[in-house]
Amino acid sequence: MKRTLEVLLVLAVLGILLSLITGPLGWRAPTRVILYLRLPRILLAITAGASLAVSGCILQAVLRNPLATPYTLGISAGAGVTAGFIILSGVTLPVFLVYLSGTAGALAASTLTWFLAGRGSRDHSSLILAGVTVNLLGASVLLLIEYMSPASRLVEIVRWMMGDLAVAGYRRILFLVPFLVAGMIPALMKTGTLNQFLTGTEVAESRGVNTVRERLFLLVAAAVLAGGAVGAVGPVGFVGLIVPHTVRRLAGGDYRRLLPLSALGGAVLMIWADIFSRVIITPAELPIGVILSLLGGPFFLYLLVKKPML
């Protein structure tokens, strides 16, 4: 664990320093640009990356499925539909309400997934199938919204779905921090329970774990983490899938280590992905979701072929 922590901390520090000098004017940028454009962007990448990675880490244990992601609960669908309706309507909302609307849609979709799965069902597959169903329904509604949208609105919807870390000031970070705290603290308190889930439902119950109650508690924590991140930066994929696997290979499967290291790993990944997004086609930039997909797809296939995930 110590070596993994050291590597992640070095990568985080290097990424932060490089991000501070990346962009127009480079290291010669005025202090105001660094303090109100680049630094908030770094903090947003850290909080969103940590939220998505920990959310995926929780879901992979609770659902006992190595392919579980924050979007297994239908989070992407709910946020996309909500954002699509707002953009299509042309209503001008305060920035905070725009973020909150995306989060509300994500959490509403997660709730629908839970009820469709039969709430207290012991069958992990029922929850996964319900999440896939909600995502498909949401994707269909979003396609309808895109079809009905004029060209200008369509571009906005597509752009939002690709993710965005561009930020001026600290509003997005202030919005996301309460969700990060509300989801992270309960998850850290339940690392022992997460370890029990890995042994199987029956074994966990034989050791005194109320699996139905604990599963709901942890799923809510995962949904809050991912919902806040999606509301702030858009439905960014890959982070919650690959980071926990990578950290598990390096530091083992004990959630007392895995959860905090995954949070740090998610932050590191988002920082470096953001750097690449700004330099590949400079002076323009690629959406963060595109970078993560280009990096994550081949890497995930490599891990899948080289060794079983769990």
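The values are calculated or read from the model by the stated rules, or taken from the named source; none is laboratory data. As the structure is a computational prediction, the values presented were derived from the model and not from experiment. Every residue, glycine as well, gets a Cβ built from its backbone with ideal geometry; the counts of neighbours run over all protein chains shown.
Looking only at region 112-131, decide whether some residue is in a helix (DSSP H, G or I), of a type in the set (S, T, N, Q), at pLDDT 80 or above and surrounded by fewer than 17 Cβ atoms within 10 Å (Cβ to Cβ).
Looking for residues that are in a helix (DSSP H, G or I), of a type in the set (S, T, N, Q), at pLDDT 80 or above and surrounded by fewer than 17 Cβ atoms within 10 Å (Cβ to Cβ), one finds at least one in region 112-131, hence yes.
From V91, V54, V81, grab the single residue that is over 12 Å from the mean Cα position of the chain (by Cα), assigned to a helix (DSSP H, G or I) and not acidic (D, E).
Only one candidate qualifies: V81.
Evaluate the following for L97: is it farther than 17 Å from G240 by Cα, among the aliphatic types (A, V, I, L, M) and assigned to a helix (DSSP H, G or I)?
Yes, satisfied.
Please find, among P30, P94, P66, the residue that is surrounded by fewer than 24 Cβ atoms within 10 Å (Cβ to Cβ) and either under 22 Å from A267 (Cα atoms) or touching a Cys at 6+ places or on another chain (Cβ under 8 Å) (or both).
P66
Among the residues of region 264-276, is any at pLDDT below 90, charged (D, E, K, R) and more than 23 Å from P186 (Cβ to Cβ)?
no
Could you please let me know if D274 is of a type in the set (D, E, K, R) and within 16 Å of the chain's Cα centre (by Cα)?
Criteria met by D274.
Quick one: Y71 ticks every box in (1) touching a residue at least 40 places away in the same chain (Cβ under 8 Å); (2) buried (at least 22 other Cβ atoms within 10 Å of the Cβ); (3) closer than 22 Å to S110 by Cβ; (4) out of contact with any Pro (no Cβ under 9 Å at 6 or more places or on another chain) bar one, so which box is it?
Every condition holds for Y71 apart from (4).
Would you check which residues across region 165-212 are out of contact with any helix residue (DSSP H, G or I) (no Cβ under 7 Å at 6 or more places or on another chain), among the hydroxyl-bearing types (S, T, Y) and under 30 Å from L97 (Cβ atoms) and list them?
The answer is none; no residue qualifies.
Give the number of residues within region 183-216 that are at pLDDT 90 or above, surrounded by 15 or more Cβ atoms within 10 Å (Cβ to Cβ) and of a type in the set (A, V, I, L, M, F, W, C).
4
On the basis of being buried (at least 17 other Cβ atoms within 10 Å of the Cβ), more than 20 Å from D274 (Cβ to Cβ), touching a residue at least 24 places away in the same chain (Cβ under 8 Å) and in contact with a Lys or Arg (Cβ under 9 Å, 6 or more places away or on another chain), does T4 make the cut?
yes
Return only the number of the condition from (1) small (G, A, S); (2) touching a Leu at 6+ places or on another chain (Cβ under 7 Å); (3) assigned to a helix (DSSP H, G or I) that A168 does not satisfy.
Tallying (1) small (G, A, S); (2) touching a Leu at 6+ places or on another chain (Cβ under 7 Å); (3) assigned to a helix (DSSP H, G or I), A168 fails exactly one: (3).
Answer yes or no: is there a residue in region 233-249 that is over 30 Å from V81 (Cα atoms) and crowded, with 21+ Cβ neighbours inside 10 Å.
yes
Residue pairs, Cβ under 6 Å, 6 or more apart or interchain, first in region 12-41 and closer than 16 Å to G169 by Cβ, second of a type in the set (F, W, Y). List them.
Cβ pairs passing all conditions: P40/Y170.
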